[in-house]
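The values are calculated or read from the model by the stated rules, or taken from the named source; none is laboratory data. Please read all numbers here as calculations on a predicted model, not as lab measurements. FYI the Cβ positions are ideal-geometry reconstructions off the backbone, even for glycines, and counts take in every protein chain you see. Ligands, DNA and RNA are stripped out before the accessible areas are found, and what is left, the full protein with its side chains, is counted by its heavy atoms. Shrake-Rupley method; radii C 1.70, N 1.55, O 1.52, S 1.80 Å.
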Amino acid sequence: MSKDQQDRLSYAILQHFQDLISSKAVSGDAAESMAVAVQCLTEALGVDVADASQSAKLKVDQPLQEIFDKAFPPRPTKKVATKDEEAKANGLKDEGNELMKQNKYEEAIEKYTEAIEVVPVATYYCNRAAAYSKLTQHDEAVKDAKDALSLDPGYSKAYARMGFAYLNMNKLPEAEDAYSNALRLDPSNQSYKDNLEAVKEKINAGPNVMSQAPPGGMPPMPGGFPNLGGMDFSQILNNPAFMNMAQQFMNDPNMQQAFTQMADQFMQGGGVGGNIGPNGIPENLDINAMMSNPALRSMAENFEAQNPEMMDQLRQQFRRPGDDNDAPNP
């Protein structure tokens, strides 16, 4: 930080203290102590809010409190709602849920937001967090999960949403903490147990675990992993639950043969010099044929049981244009 920036920050802090005194937000002994603190800091920092020349040079456009509130919005608080408000908000939430089923995540977010504006409810924030994660906007998902917990500290699913988002951001200690809290609140939830254990294993494995091919595993694909319509395949392999199962299955000869088949089909389907479809998938890649292999199917079923949201994202990426028979008529 440059000296000029340091002085501007010091000025903003001193001005904030002076505003608290002037507005009588603090009074009595507290105000007197704060005034003394301002004098001491003025001398120590060489910044004086009463100096007109320094004010012209150092004063920022917004008060420090406004900057802070914008960067860290206040958490929602419970609202006493009328029956009509509750009914309206619940209806909007239901509309959002239906849009989620249709994979219309942006529209679902709009409906959940409308519901929150009527009545802030933990469930609505949690549902919106799920929609944000579908769009890989995991930072927004974390914010919504925290808002849900501010309204309902005992909401285990909100911690699970947070854990999923942190995991996809590769913030493993935060993911471990979130899943630990989810499991603390719902000790019998097997999904929370599995995800927490998988995160711990990834932490213990160290940062370079993903750069090492598992014993007996297939070699890296030429050109790296494909981008599946905006989803980096390496993100999937960074999922600890996926890698945990993969490492177990890779010791099975049938599984090794399945991965060889998958690599061969990718190469034949356009991985090298072939035609890539608009969703980033080789046009000739036969996913149904690949999944006819019992070992691959078993792995997929186990992965889906532990990671339904990630599996749903994979399904959407592998869906080709025109596969959706429910698309509206032009």
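Key figures for this structure:
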| quantity | calculated |
| --- | --- |
| Charge dipole (the range 73-170, unit charges on Cβ, about Cα centre) - positive-most of Ile116, Gly163, Thr82 | Gly163 |
| Pairs of lysine residues in the range 50-121 - Cα separation under 24 Å, sequence separation of 8 or more or cross-chain | 20 |
| For the range 70-153, the fraction of alpha-carbon pairs in successive 10 Å shells from zero, as % | 21, 50, 27, 2 |
| Tensor-based shape of the range 1-50 (alpha-carbon gyration tensor, a/c under 1.5 rounded, otherwise prolate or oblate) | prolate |
| Cα gyration tensor shape of the range 14-105, rounded if a/c is under 1.5, else prolate or oblate by comparing a/b with b/c | prolate |
| Computed magnitude of the charge dipole of the range 114-215 (debye, nearest 20; Cβ of K, R +1, Cβ of D, E -1) | 200 |
| Computed E for Ser53/Ala30 - FRET, C-beta separation, R0 35 angstrom, nearest 0.05 | 0.70 |
| For Pro173, net neighbour charge (Lys/Arg +1, Asp/Glu -1) across residues whose Cβ lies under 13 Å away | 0 |
| Exposure rank, largest accessible area first [Leu20, Leu167; 1.4 Å] | Leu20, Leu167 |
